[in-house]
């Protein structure tokens, strides 16, 4: 009986760890304004490629283990194991979401501030454009999340991109 409980605990914990790694590691490595080493980026890309399969297999394994051993568990161990299964299933679902599409989205309508109202660091880089008597500056930090911003400067349509 005790061995069954330990087996269930280890299986569910391993499944949670696998699903968490499959979802979390690529997000941790491939994030803006962070240097990525070649090897860790290569690993993150492989993990991202197979994360749906790994997280789904972990969720299925955790659910099967829970179903197989649930009668031999006490109340609290059953609740914790069930919580582990739920977390693994949620992570498996989250593995199907492309977080980068959520992070990097186009700006539907650009808004601008007066230069005196803007608080940029002294080292902040900007994309600057001046056409006729109008000028705009697009901060690189903001642009890196959106990549393209369509605007009109001095009556001329422009596409600022980074």
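Structure summary
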item: Tally of residues being on the phi < 0 side of the Ramachandran plot, part of a loop (DSSP other than H, G, I, E, B) and either touching a residue at least 12 places away in the same chain (Cβ under 8 Å) or crowded, with 17+ Cβ neighbours inside 10 Å (or both) across the stretch 22-41; result: 2
item: Residue list for the stretch 81-96, restricted to those being within 21 Å of residue 7 (Cβ to Cβ) and free of Cβ contacts under 8 Å to residues at least 12 places away in the same chain; result: 83, 86
item: Total residues in the stretch 110-139, condition modelled with pLDDT under 85 and either loosely packed, with under 12 Cβ neighbours inside 10 Å or more than 20 Å from residue 158 (Cβ to Cβ) (or both); result: 13
item: Scan of the stretch 47-73 for residues that are free of Cβ contacts under 8 Å to residues at least 24 places away in the same chain and closer than 23 Å to residue 145 by Cα, ordered by number; result: 48, 49
item: Criterion: buried (at least 16 other Cβ atoms within 10 Å of the Cβ) and over 20 Å from residue 100 (Cβ atoms) - qualifying residue of 54, 81, 19, 44; result: 81
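The values are calculated or read from the model by the stated rules, or taken from the named source; none is laboratory data. As the structure is a prediction and not an experimental result, all values here were calculated from the model. Virtual Cβ from ideal backbone geometry, glycine too; neighbours counted across all protein chains shown.
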